[in-house]
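Below you'll find the structure, written out as structure tokens, and then a few comments.
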Amino acid sequence: MRLRNWIAVVVSVVLLIAAGAIGVLVNRSALRAADTVHRADTQALAVNNTTLSGQMQLVTAGELKELANTTSFKLRKGNPADRRALDRFVAKTNVLKYGAAITAMDGSILNATRSTGLPPVGAPGFAPMFSELFKAKPGFSSVMLVDGVAIEAVAIPLVRNGAAVAVLVGFMEFAKTPLQGYVATLSDNTHLTEIIDSEGRIGYSSDGRKIGTKIDPAVTRAAKQATGPTFVDFTSGRTATIAMVVPGMPGGWSYVRSQSKASFEGAVKSKSQTLNVTLLAMLLIGVIGITLLGYRTQIQRRRSDERFQALFQHAPDLVSVLDPTGRISFASPSAASLLNVPLGSMQGTSVFDIIHPEDRQRIQAAFAALLGERNGVSRMQSRVLNGDGGYRWYEITASNKLHNRALAGIVINARDVSENRAFQERLTHEALHDALTGLPNRRRMQDALDSSLRSDAVAVLFVDLDGFKPVNDMHGHEAGDELLRQVAERLSACVRAEDVLARVGGDEFVVLMPGIFDQADADAMTARVCAAVETPFLVHGNEVTIGASVGVHLAAPQEDSDLVLRAADHAMYAVKKAGGGRKARLEPEPVRAGRHRAPD
């Protein structure tokens, strides 16, 4: 063979080796990038679901706190009044339907809605609950099995004179809770979602049959030892499995999302391994002669395209690659179906054109910052335009891969979180509003009062219904609830657009009038409130007449909100003590101050 042929063969082999090495490196880099994005997205989703689940637990504890704040318990063993209060609570609640109890600080039961079906005093599951109670936090038990039923206890301390003297406990059956309903919606053929207690027993699961069973010990150890979200590899049966474990929920509970490693890694790793073998084979073939060089180049290009397509073809989320100006250079096939646009129509368009106008400036600023950060990752949420003209919320993870020759752009992974966001907003609304009337609750009213008093005067009207208890006694609590709803509607029609009307107790309402410092204006509102309440109501076919005692306090800017509410409450009680709202309005000088209301 001539020297020039040997030179051609050597050159071809060198070129093949160099090209093969580059292909392997690019393949590994792309695989690492996809795995990094996938793991980050999985972790972000798990943390979000953990936050939502923890909020639902705290909302449940909030129901007990509201009961404690609105009920004066006698705290004597077997007291009938305490028992009736617990029965009413269990009848109304949507979560703690299994039962409720009052216990002493040592766990012995003083009163309960049921005599059987409760865990014994000193059951190990109560330990984490009492541990949290001693830290002045709501307590959550571990999973406890009673007669084959998996239940959880939620508790808050009952405080007298600054010290906890008893415990208010609510019980719920895991399988019948809203949180289990939410976890069930996360069911998928490829993964399993579970929430476990500190001992690894499953309380909530997307497979309801697993409630009350034990999770793999490796997951339990990770939940105990981890200080933040972590991935755990273990073997379930004969299947290699990976789990995302997020600790830190109330009561030592942890969120777990597990699936087989094969489904987690997907087809990308398999294609990558196949490609590496192919490149090595091509190196051997290249040694045979220069004649295969052209063919090898064609094969390499085709394989490279297949690898790039495999990276995004089977992604369950919207995946795209942007150039430094924000134009879309690649969009996965799933993007067309998720956004309801023709396949291929997004290439070459600017991603900012489909971002909601109110979010566009924020997203552009985040994009500009990411361009200057090598290997940087940015996470954000934004509304994205669909083909039908509407907007949906997406959780977006953007990774700077401009330096990666296989990607050469900003890699975007987006997931539709409209339902999760709506659920979170609903939880926030429920936390700040009264469930019966839909009005702002005491917490929301207190925030509004604090905000107004920073810079403005506020007229505070404390309204207590006269004659409400006889309605409850004569017509029942359902009629009482309906009457409260009608009162809320009438009072809403009385107040100004800038006023705040809140329900702060059983039959107590508060009206905040920012900017009002004139007694005459407050008196006019008092007259409207009393007139609205004194007009007869039609409740379940019965005409009901009640009245209202209204206490007024004109608060100057910068006054302490607690003292302002206390002054209005004193004024209301003075009116009530003087005979109620009707009598007070007939007197020449309405009573404006009085003693603060004492506990019943």
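The values are calculated or read from the model by the stated rules, or taken from the named source; none is laboratory data. Owing to the predicted nature of the structure, the values given are computational and were not obtained by experimental measurement. Positions of Cβ are backbone-derived with ideal geometry, glycine not excepted, and every protein chain shown enters the neighbour counts. Ligands, DNA and RNA are excluded from the accessible area calculation, which covers all protein heavy atoms including side chains. Shrake-Rupley method; radii C 1.70, N 1.55, O 1.52, S 1.80 Å.
So, with a 1.4 angstrom probe, what is the percent of accessible area on the chain that is carbon and sulfur? So the carbon and sulfur contribution to the accessible surface is 54 percent. In the full protein context, the chain carries 49 Å² of accessible surface per residue, based on a 1.4 Å probe and ignoring ligands, DNA and RNA. Measuring nothing but how far apart in sequence close Cα pairs (under 8 Å, 6+ apart) lie, relative to its length, the chain scores a relative contact order of 9 percent.
Working from Cα pairs under 8 Å separated by at least six residues, relative contact order for the stretch 202-251 is 28 percent. Among complete DSSP H helices in the chain, those whose alpha-carbon atoms stretch at least 15 Å along the helix's long axis and whose mean Kyte-Doolittle hydropathy reaches 0.5 are 3-70, 261-288. A simple spin-label model places pseudo-atoms 7 Å from Cα toward Cβ; at Val11 and Gln486 they are separated by 9.9 nm.
If you take the square roots of the eigenvalues of the alpha-carbon gyration tensor of the stretch 172-218 and sort them as a ≥ b ≥ c, do you get rounded (a/c under 1.5), prolate (a/b over b/c) or oblate? Oblate, because a/c is 1.5 or more while a/b does not exceed b/c.
Placing R0 at 56 angstrom, the Cβ-Cβ distance between Met474 and Gln381 gives a FRET efficiency of 0.60 after rounding to 0.05. Between the entries (1) -0.49, -1.34, -1.49; (2) -0.63, -1.23, -1.30; (3) -0.73, -1.25, -1.31, the label attached to log10 I(q)/I(0) by the Debye sum over Cα atoms at q = 0.07, 0.12, 0.13 Å⁻¹ calculated for this structure is (2). Simple spin-label estimate for Asp233 and Lys92 gives 5.4 nm between the two label positions (7 Å along the Cα-to-Cβ direction from each Cα). Between the beta carbons of Thr116 and Ala365, assuming R0 = 56 Å, the FRET efficiency works out to 0.35 to the nearest 0.05. Only helical runs count toward this figure. For the chain, summing -39,500 (n - 2.57) over DSSP H runs of n ≥ 4 and dividing by all residues gives -15000 deg cm²/dmol at 222 nm.
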